[in-house]
1. Enumerate the helices (runs of 4 or more DSSP H) found wholly within the stretch 12-98, keeping only those where 1 or more residues are within 15 Å of the chain's Cα centre (by Cα) and at pLDDT 95 or above.
2. For residues in the stretch 1-23 being farther than 19 Å from Ser45 by Cα and polar (S, T, N, Q), which is surrounded by the most Cβ atoms within 10 Å (Cβ to Cβ)?
3. Take the residues of the stretch 99-126 that are of a type outside the set (A, V, I, L, M, F, W, C) and modelled with pLDDT under 95: which is nearest to Lys5 (Cα to Cα)?
4. So Ser112 ticks every box in (1) within 14 Å of the chain's Cα centre (by Cα); (2) surrounded by 17 or more Cβ atoms within 10 Å (Cβ to Cβ); (3) among the hydroxyl-bearing types (Ser, Thr, Tyr) but one. Which box is left unticked?
5. In this structure, is Leu83 surrounded by 14 or more Cβ atoms within 10 Å (Cβ to Cβ) and either among the small types (Gly, Ala, Ser) or free of Cβ contacts under 8 Å to residues at least 24 places away in the same chain (or both)?
Amino acid sequence: MNISKFEDLPIWMESRVLVNKIYKLIESSAKLRKDFSLTDQLKRSAYSIMLNIAEGFERSSNKEFANFINISKGSAGEVRCILYILLDNKYIDKKQFDELYNNLENISIKLSNFRKFLLRHSDFKK
């Protein structure tokens with residue numbers, strides 16, 4: 001696989017799909033849309049995953065890139081935490097929670113593995 005831009009990264013593509021799922025979730029729930037601060041934080045933490053992957057890719061070293069991947073992983077954890085708030089306040093049902101949670105957990109694992117890869121392979125972006 002030839003990776004010449006961040007858009008080529010499978011983990012970035014997957015995080016983009018997640019952001020779209022989050023936006024669709026918010027749009028589908030009138031109750032959730034009314035909770036402006038929560039939806040704002042949910043959107044910010046979700047798109048922070050893909051934004052930090054992109055920003056890290058554009059940095060000059062794999063060490064810097066790995067740091068941004070770590071930040072992305074933190075944002076994925078933040079979204080998972082927000083899912084509990086959504087579930088506990090009945091903004092989403094258990095099925096929606098499980099689907100998004102599993103998706104986020106998978107992204108977190110991939111981010112962690114990708115970070116390890118970056119730290120071991122200094123020639124990734126050359």
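The values are calculated or read from the model by the stated rules, or taken from the named source; none is laboratory data. If you're wondering where the values come from, they're calculated on a predicted model, not measured in any experiment. Using ideal geometry, Cβ is built from the backbone for each residue, glycine included, and neighbour counts are taken over all protein chains shown.
1. 36-57, 62-88
2. Ser4
3. Going residue by residue through the stretch 99-126, those that are of a type outside the set (A, V, I, L, M, F, W, C) are 99, 101-103, 105-106, 108, 110, 112-113, 115-116, 120-123, 125-126.
Add one more test, that the residue is modelled with pLDDT under 95, and what stays is 120-123, 125-126.
Values: Arg120: 20, His121: 17, Ser122: 17, Asp123: 15, Lys125: 9, Lys126: 12 Å.
Checked the stretch 99-126; the qualifying residue nearest to Lys5 (Cα to Cα) is Lys125.
4. (2)
5. Working: surrounded by 14 or more Cβ atoms within 10 Å (Cβ to Cβ): yes; either among the small types (Gly, Ala, Ser) or free of Cβ contacts under 8 Å to residues at least 24 places away in the same chain (or both): yes.
For Leu83, the condition - surrounded by 14 or more Cβ atoms within 10 Å (Cβ to Cβ) and either among the small types (Gly, Ala, Ser) or free of Cβ contacts under 8 Å to residues at least 24 places away in the same chain (or both) - is met.
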